[in-house]
Structures are given as structure tokens and as C-alpha cells.
Amino acid sequence: MMSKKIAAAEIGDMPSFTTTMQLGLSSLKKSDAAAKHMIIISDGDPSPPPPEMIAEFQQEKISVSMVAIFPHGGSDISKMRAIAETTGGRYYNPSDPSKLPSIFIKEAKTLRRSMIQNKEVTVESISSPILKGIDAMPSLKGYVLASQKPRANAVLQVTVTEGGEEQVDPILSTWRFGLGSSAAFTSDLSPNWAANWMDWEKRRAFVAQLLTEVARVEQTNSLHVWTEVQGNEAVIIAEDHHPQDSFLNVTARISGPRERSESVVLQQSGPRRYQASVPLWGKGRYQVMVQGTGGGRQEQVPANWVVSYSPEYLRFRSNPLVLDRIRDVTQGVALDADSGENVIYGRREAKRSSRPIFDWFLVALAGLVPIDVALRRIQVDFGAIRQVFRRKGSRADTTPTMGTLLERKKEVAHQWQDRGESKPLTSRPGSMSPQTSIRSTNPTPPKPSAAPSSTSESAPPNSAPENSSTTEKLLNLKRKRDQQNPP
């Protein structure tokens, strides 16, 4: 479900802070946390929430810190800063994005109360060996705000009223873990916060008893204990080495994994020797406290043992028998590491994910618009294009033909000038070959013609003038031949 939502997420600007802040406000109202804080990281583009929502944040005592990432202008900065100041949060405008993790961690630890409480408080005491002979404690002028662990023992504490509610803050607590013990004191013993303790007559007794409670005390025991693990059981053995022979009642309190505890009685298995077997219930560390009473003595001796993982995990080489059995059961294939075969072969289910294609449609539409305009507005004359390519291909052939025609024009003009009304062409158009119709039969050069006036006067009526076009001359020539040689 989360994979589909992440795949369908789209990048975009948040239109308003109202929706996000309303979701956070509704969730924080349901929480019973002592401090309620919201962190918003934005570039300042969203519009600010309505004043009614900001007033509701103040009423619920929910602070909002704003982190501006590359804001676009002064209005964005002032908008985010106003929200942070009104709700009691902080405003950040880091120039380096790498500072975001440190800002987020700092804001995540933000409390409604300051970590350093610089005010005078009355200390309340709880019954404890540390306060033996001490009835009342002087006041302190400050302490560090802290919370007590569930299994810790409170010795000193203060009660403060915050927002109409009473809260208890620990000042001194002790903690026992395994065979050790520790204490946490959230104030100090210097004139700074403990100025009223400097002249207190029981100050030294308090410090001495506190150190005695948490310090290790050397004890001389005649009872020796050792343990060993045998299969699924642990064996506890205790021997009494006291100079006076006496019978002891020996018991053992065992604490192990899963916060489980058991008590067993050690039975005498020999002279001054006591033994008991305990079934194991998990892997981990077991702590044992053996107590022997009798003969006017009472002694306690600690011991422990550790159950590690199965010895099969200590093998540093593969087990081919187990691998072959796994292959047969799962119907797999054994691959040779040196052959370079692909371990992942076939039988893999295809993974599918959905992505919106609307953006690709917009790109395709943007590319089709100019093509559509070009098809409807631009007209292409394909005939003109074909003529251009034809002219390029026939230009070399037409140039010599035009030159030949021009030369033939000159020859015919000279012949007509020489002949005047002389013998016309005897050959018919159908019997004359193209070569004889173009070239002259008289190889001799033409003689100079007579005076222009006589030539023009003696010229036949159907002859064309000299300055007429070539087409008219040819037509007149054809018309004259048709008259002389009727069909």
C-alpha cells in the first residue's frame, strides 16, 4: 500500500499551510505528551493559516518552528517568522542545506520547559538507606530537568506546578543493573545551586551514605559458587569452606532472558556440597544470587552464566550436505562458482508500477501543434519541385541543341539571301531526313547579296523579311513548298 502511494506521489508546491497544520493540530490534541511541538520545512510559498487556527495552537500550547529553505522574498520570510513567534516556536533560515538534520534533531528535543531550572525548589525525601538519620533536606536553587526510568528508585524529588498541573521531577535516583548500582543527582553540591547545603550539619553524612550505597563492598564469604551448562540445563554448585562444620539451607534466585526469574533449592550432594539443576529457557545471560543460611551465618554469593548461540554458527566453512538437502527440498539447482553462471535465473515475478502519463501527452501535443499549423497554412507545389529537378537534369542536353538551331538559322538566312527567287527546295518534308533538313547541301560559302533595295523588290510575296522571327521564316518556307509541290 505504501509503495503504491509513494509511486503515485507528485512534486508540487503546497497551496496553503492550513491543511498541513490542521492535520498536525488534530493529531497532537489526542496526545498526552508533556510537550507538543510541530516543525514545518518550506520555501514560504503556501498561504498562511487563518488567525483562528493560530489561536487554537496557542490555546493547546503547541509550538510551531518554521524552517525556511530558499525563500523567494521578504514576504515569505515575514510570514513564516510570524507563525513561529506567535506559537512560541523558532524560525530558521539556513544557507547550507546540510544543517537541516541538526536543526531537525534540535527541534525534536524541544520541550515546553527549559532543561535548566534556575529557581529555588523544596526538596522532598523518600525513605531510603541513603537518608538514614536525615529527616528534612534544605532547598535547592536549581537543577537539571530529567525523567525517571521505570525501574529506578527515587530518593529525592521536587513537585512543580506547570500550567495548572503538578509535575514531579527527580533530583536523586538510584538504579541497579546486574551486580552493579549507580545513582543520578540532577543538582550539584557547590555554592551555585546548593548554597543552602554548605552550612548544613548533615551534608557530610548524606554524601557518605550515598557513596556507600552505590560503592562495591568487599565481603569475606566461606560459600563458593560456580556454574556450568550441560545441554539444556544449567548446574549450580555451592561448597561451604567455613572452619565450623554446619548444615546450610542454600537457595538460588535466577534471572534470565525475557525478564523471567525462578527460585530453586540446592540439595546436598556431598559433604558441604550443594547442587541444583535449572532448565534453560533462552539464549542470553543468566544472573544467580545464592544465599546460604544456618549455623548462625547468612551469606550471599553472586554468580552467572551465558548461553550463546548454537555451536553450528561457529563453523566457518560451508556444509555441503545441508546445502544439498536444501536444494533437493526446494527443487533448486547447484551452481558452480567458477563457471560464472547467473545465480538469478528465470522464474522471477514481474514487478509493475503505475506512473501517470499525462505529462507525456502534453509533450506530444506541444509537438503536434506546429505540425498541424504547417499542414493547414503551408501549400506545397509538387509540380514546381519536379520541374526544378528536371531542369537540373536536362540542362546539359538542351544547351547544344539551342546552339545548333541558332547556327541553322544563320545558314538558312544566308541561303535565302543568295537564292532570292531561285529554285525552291525540291525535297518533301516527308522524304527529307532530319540531317539534310538541318545541314546545307551547298558547301560553298554564300555570295554577298545584291543591294537591299533590289532584293526586297525581287523577293516573292510570300518570303519573310530579314528581320522577321525564325518561326515566321520557317512557316513561310513550309507554305511555299506546299504550293510548289502539291500532294
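The values are calculated or read from the model by the stated rules, or taken from the named source; none is laboratory data. In this text the structure is predicted, and so the values were computed from the model without any measurement. Cβ: placed from backbone, ideal geometry, glycine included. Neighbour counts: every protein chain shown. Protein only, heavy atoms only, side chains kept; ligands, DNA and RNA dropped before computing areas. Shrake-Rupley method; radii C 1.70, N 1.55, O 1.52, S 1.80 Å.
To the nearest 10 square angstrom, how much accessible area does LYS79 have with a 1.4 angstrom probe?
Counting only protein heavy atoms, the figure is 40 Å².
Calculate, for LEU368 and ILE69, the FRET efficiency according to 1/(1 + (r/R0)^6) with r their C-beta to C-beta distance and R0 30 Å; round to the nearest 0.05. The partial results should precede the final answer.
Numbers: r = 38 Å, r/R0 = 1.27.
Approximately 0.20, to the nearest 0.05.
State in Å² the accessible area per residue of segment 1-140; use a 1.4 Å probe, count heavy atoms of protein chains only, and round to the nearest integer. It would help to have the intermediate numbers written out before the result.
Values: 8660 Å² over 140 residues.
Accessible surface, normalised per residue, equals 62 Å².
Calculated FRET efficiency, THR18 and GLU349, Cβ-Cβ r, R0 45 Å, to nearest 0.05? Before the final figure, lay out the partial values.
Values: r = 43 Å, r/R0 = 0.96.
Calculated transfer efficiency: 0.55.
Accessible area, 1.4 Å probe, largest first: how do PHE206, PHE177 sort? Spell out each step's value before the answer.
Details: PHE206 5, PHE177 140 Å².
Putting PHE206, PHE177 in descending order of accessible area: PHE177, PHE206.
Among LYS30/LYS149; LYS29/LYS149; LYS79/LYS106; LYS5/LYS106; LYS36/LYS202, which pairs are too far apart, with a Cα-Cα distance over 32 Å?
Values: LYS30/LYS149 24 Å; LYS29/LYS149 26 Å; LYS79/LYS106 22 Å; LYS5/LYS106 30 Å; LYS36/LYS202 41 Å.
Going by Cα-Cα distance, LYS36/LYS202 fall outside the 32 Å limit.
Classify segment 91-249 from the C-alpha gyration tensor, please: rounded if a/c falls under 1.5, else prolate or oblate depending on whether a/b exceeds b/c.
Numbers: a/c = 3.10, a/b = 1.56, b/c = 1.99.
Oblate, since a/c reaches 1.5 and b/c is not below a/b.
HN-Hα J couplings of segment 267-275 from phi, Karplus 6.51/-1.76/1.60, θ = phi - 60°, integer Hz, Gly and Pro as x?
Per-residue couplings from phi come out as 8, 6, 10, x, x, 6, 10, 10, 8 Hz.
How much of GLU472 can a 1.4 Å solvent probe reach, expressed as accessible area in Å² and rounded to 10?
We get 100 Å² for GLU472.
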